[in-house]
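The values are calculated or read from the model by the stated rules, or taken from the named source; none is laboratory data. Everything quoted here is computed from the prediction, not taken from an experiment. Heads up, the Cβs are rebuilt from the backbone with ideal geometry, glycines too, and the neighbour counts pull from every protein chain shown. Please note that ligands, DNA and RNA were not included when accessible areas were found on the heavy atoms of the full protein model with its side chains. Shrake-Rupley method; radii C 1.70, N 1.55, O 1.52, S 1.80 Å.
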Amino acid sequence: MTRGERVLLVAEDEQGICGTVQLVLSQPENQPHRADLAKMLVHRRARRMGVGAALMRAAEQAARDAAKTLLVLDTVTGSDAER
């Protein structure tokens, strides 16, 4: 993060941290337009409350701020995360 290769976003509620996502900005030379979403986690107490959507919006804005035009997120087909 200190080298500018990664962004860490954190969501908090009254009990503390309830979600995180990382945006990996450092990519191969031939893919400077791309960033990977990694380690998106939402605590079970905060699921279905919009935390994941808010983290995604924040990650998308961080990507735009870093001039990234393609975001990649791998997830399991049919999982809750796919939504």
### Query
Between the helical axis of 51-65 and the dominant principal axis of the chain, each derived from Cα atoms, what acute angle in degrees is found, rounded to the nearest 10?
20 degrees
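Nearest 20 debye, what's the magnitude of the dipole of the chain about its Cα centre given +1 on Lys and Arg Cβ and -1 on Asp and Glu Cβ? Present the calculation step by step, with values, prior to reporting the outcome.
Working: 12 positive and 11 negative charges, 23 e Å.
The calculated dipole for the chain is roughly 120 debye.
Let me check against my output: what whole-number percent is the relative contact order of the chain, with C-alpha pairs under 8 Å and at least 6 apart?
Values: 122 pairs, mean separation 22.2, N = 83.
It rounds to 27 percent for the chain.
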### Message
Give me the Å³ per residue figure for the convex hull around the C-alpha atoms of the chain.
### Response
98 Å³
#### Entry: Environment charge at ALA58 (Cβ cut-off 12 Å; Lys +1, Arg +1, Asp -1, Glu -1)
0
### Query
So which GluC sites (Glu not before Pro) in the chain pass both tests, a DSSP loop state and at most 12 other Cβ atoms within 10 Å of the Cβ?
GLU5, GLU14, GLU29
### Task
Write down the accessible area per residue of the chain in Å², having rolled a 1.4 Å probe over the full set of protein chains.
72 Å²
### Message
Using a Förster radius of 22 Å, what is the FRET efficiency between ASN30 and GLN61 based on their Cβ-Cβ separation? Nearest 0.05, please.
### Response
0.30
